[in-house]
Amino acid sequence: MKELEIYSGDFSRHISLPFADIGVRAGFPSPAQDYIDKGLDFNRELIEHPAATFYARVRGNSMIEAGIDEGDIVVIDRALEPRQNDIVVAFINGDFTMKYLDLTEKEAGRIWLRPGNKDFRAFMITPDDQFTVWGVVAKVIKNFR
């Protein structure tokens, strides 16, 4: 099963969308803002390193406990240095997968890729595997409908 469809972004254009800069309360309602006078550019807000950033649409449910569901879009930044417990896009033996990166046994020569779903098993990376951390998941764009 194909877990990710990876796309490069078009960062050449700026699209300004209306932005309620006072925020939206998740608790009790507050008086509405009479008008929205600021704009928000998703390229500027979501992308730190444009030349190293890609998008992917998630396929499968191996990361649902991390809040990443099928159909969501992840923003992958290849310029970020992967760290312990980052959610990464890894290239392993010819396939892409998205998992938590576990480096706790790196000194012993073992790297683990752990799912965010108890119904899936972790993968231990061995020296025999063709493996690279392709990028770090920096943002998730949720699909609620």
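Some values worked out for this structure:
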quantity: Summed side-chain charge close to Asp72 - residues other than Asp72 whose Cβ falls under 11 Å, Lys, Arg +1, Asp, Glu -1; calculated: +2
quantity: Net charge contributed by nearby residues that have their C-beta within less than 11 Å of Val140 (K/R +1, D/E -1); calculated: 0
quantity: Counted charge near Pro127, where neighbours are those whose Cβ lies closer than 15 Å (Asp, Glu -1; Lys, Arg +1); calculated: -2
quantity: Solvent accessible area, Å² - Trp134, 1.4 Å probe, full protein context; calculated: 40
quantity: Per residue accessible area in Å² of the stretch 47-138, where ligands, DNA and RNA are left out and the probe is 1.4 Å; calculated: 54
quantity: Contour minus Cα-Cα distance for Asp128 and Phe91 (0.36 nm per residue); calculated: 12.0 nm
quantity: Asp41 accessible area, 1.4 Å probe, all protein chains in place, Å² to nearest 10; calculated: 10
quantity: Contact order normalised by residue count of the stretch 63-145, Cα under 8 Å, 6+ apart, percent; calculated: 41
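The values are calculated or read from the model by the stated rules, or taken from the named source; none is laboratory data. Being a predicted model, the structure only gives us computed values, none of them experimental. Cβ atoms come from the backbone with ideal geometry, glycine included; neighbour counts cover every protein chain shown. Please note that ligands, DNA and RNA were not included when accessible areas were found on the heavy atoms of the full protein model with its side chains. Shrake-Rupley method; radii C 1.70, N 1.55, O 1.52, S 1.80 Å.
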